[in-house]
Amino acid sequence: MTKIRVPATTANLGAGFDCIGAALSMYNEFTFTPIDTENLVIAVQGLEAARVNTDASNLAYQAVLKLYERIDRDPPVIQLEIKLGVPLARGLGSSATAIVGGLLGANILAGSPLSPDEIMQLAIEMEGHPDNVVSALIGGCQLAATATNGWAIADIPWHDSVVPVVAIPNFELSTAEARSVLPNEYSRADAIFNTAHLGLMVRGLETGNPDWLSAALADRIHQPYRQKLIPGYTDVERAVIAAGGYGMVISGAGPTLLALATSERAEAVAAAMAQAWETYDIQVQAQPLKVDLEGAVIDPN
C-alpha cells in the first residue's frame, strides 16, 4: 500500500498567467493497493465524493494508465482510495492533485522507473500547462518557462510575512468557461504592463515589501475578462483592501479568490471577504492558509 498526499495549488497570481503556481496547505490523499481481482476498485471519501468518477475514467487512474503507457507495461489491478480535502472546480488545482497523485502512485507500483523530472514532464503533458502540477509536485511557489529541452522551473521564495487567504464560494467555474472569455490578442501596452507586474510580484513575494505587493497583483491578461463570471468580485476586492490586505487575485480559473495579507491582518481579511460575498447570498469558506513547501509526499506505509 502506498499513500500520496498532494497539496492544493493557486495558479496565475495576477500577472503570472499560466506560468506561476504556489502550493497551499490543503490536501487530497491517494492510496494505492495492488489487489488479486480482475476489476479496478475506486473508493472516494470527502464532502464532494459523490461527484468523483469511480470507474476507469477517474483522473487519478487515468494518470496511472498514462505512466504505464509511457513505460510500455500493463498496469496492475489496484484499489484506489481517495480522500478529498480540496474543493472541486474552484480554482485550487483539484485536477492537478489527481494527476500528480496518480503518476506518483503508479511510479511506485511500477518500481520507480521514471525520475522526478520525467514525472513532472508527464504531469505537465497531461494538464496542458505547468503552473498547478509543478507546484503540487514539488511545493512552494514555482515559475515555469519553456526551454529547449522541455521546461525550466525556478523557485520563487515566499516571504514568511506574506499570508495567502482564500475565499472559496459555493459555486463552480470551469476552466473551459474561464478560458473562453479571454481575447486571442493583446496590445503591446498590456504585454509590457504584465511583464512589469510579474517582475514586481516576484520581488514582492521574496521580500515582503508592502508597497511592491500592493501594486504587484494587477493584471491585464485574464482577470479583467474573468471578473464578470464571478458575482461580487469588485466588492470582495474592496473589502480586502479595507481590511488591510495587499490585494486580491483570481485563484487559477476561479471562482476562488486569493488575497495576500500580513499575518496580523489575515484573519480580518478572511472575515471581510466572506462578509462581502454573503451580501450576494453566496456562501463562502474563507480562511488563511500557508504555502506548502513539501509538495507531494509519499508515505509507503
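Modelled with pLDDT of 95 or more, more than 23 Å from L229 (Cβ to Cβ), small (G, A, S) and crowded, with 17+ Cβ neighbours inside 10 Å: does that describe S161?
no
The conditions are (1) closer than 29 Å to L213 by Cβ; (2) out of contact with any strand residue (DSSP E or B) (no Cβ under 8 Å at 6 or more places or on another chain); (3) modelled with pLDDT of 95 or more, and S112 fails exactly one of them. Which is it?
Single failed check for S112: (1).
Name the strands (runs of 3 or more DSSP E) wholly inside the stretch 207-301 in which the number of residues that are within 17 Å of the chain's Cα centre (by Cα), crowded, with 21+ Cβ neighbours inside 10 Å and touching a residue at least 12 places away in the same chain (Cβ under 8 Å) is 3 or more.
Filter on the stretch 207-301 gives 247-250, 257-261.
Considering only the stretch 31-70, state which residues are within 19 Å of I124 (Cα to Cα) and in contact with a helix residue (DSSP H, G or I) (Cβ under 9 Å, 6 or more places away or on another chain).
N58, L59, A60, Y61, Q62, A63, V64, L65, K66, L67, Y68, R70
Could you look through the stretch 47-63, keep only residues that are under 30 Å from E118 (Cβ atoms) and not in a helix (DSSP H, G or I), and pick out the one that is least open to solvent (accessible area, probe 1.4 Å)?
N58
Residue-wise test of (1) within 18 Å of A23 (Cβ to Cβ); (2) crowded, with 18+ Cβ neighbours inside 10 Å.
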{"site": "R73", "(1), (2)": "no, no"}
{"site": "V77", "(1), (2)": "no, no"}
{"site": "S95", "(1), (2)": "yes, yes"}
{"site": "S112", "(1), (2)": "no, no"}
{"site": "L122", "(1), (2)": "no, yes"}
{"site": "V133", "(1), (2)": "yes, yes"}
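Where the second residue is exposed (fewer than 11 other Cβ atoms within 10 Å of the Cβ) and the first is outside any helix (DSSP H, G or I) and lies in the stretch 175-202, which pairs have Cβ atoms under 9 Å and are six or more apart or on separate chains?
These pairs meet every condition: V181/K228.
Residues checked against (1) modelled with pLDDT under 95; (2) of a type in the set (S, T, N, Q); (3) touching a Gly at 6+ places or on another chain (Cβ under 6 Å):
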| site | (1), (2), (3) |
| --- | --- |
| D235 | no, no, no |
| R238 | no, no, no |
| I241 | no, no, no |
| M248 | no, no, no |
| S263 | no, yes, no |
| Y280 | yes, no, yes |
| P288 | no, no, no |
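The values are calculated or read from the model by the stated rules, or taken from the named source; none is laboratory data. Predicted model only: the values in this text are computed from it and were never measured. Note: ideal-geometry Cβ built from the backbone for every residue, glycine included; neighbour counts use all protein chains shown. Heads up: the accessible areas ignore ligands, DNA and RNA and are worked out on the full protein's heavy atoms, side chains in. Shrake-Rupley method; radii C 1.70, N 1.55, O 1.52, S 1.80 Å.
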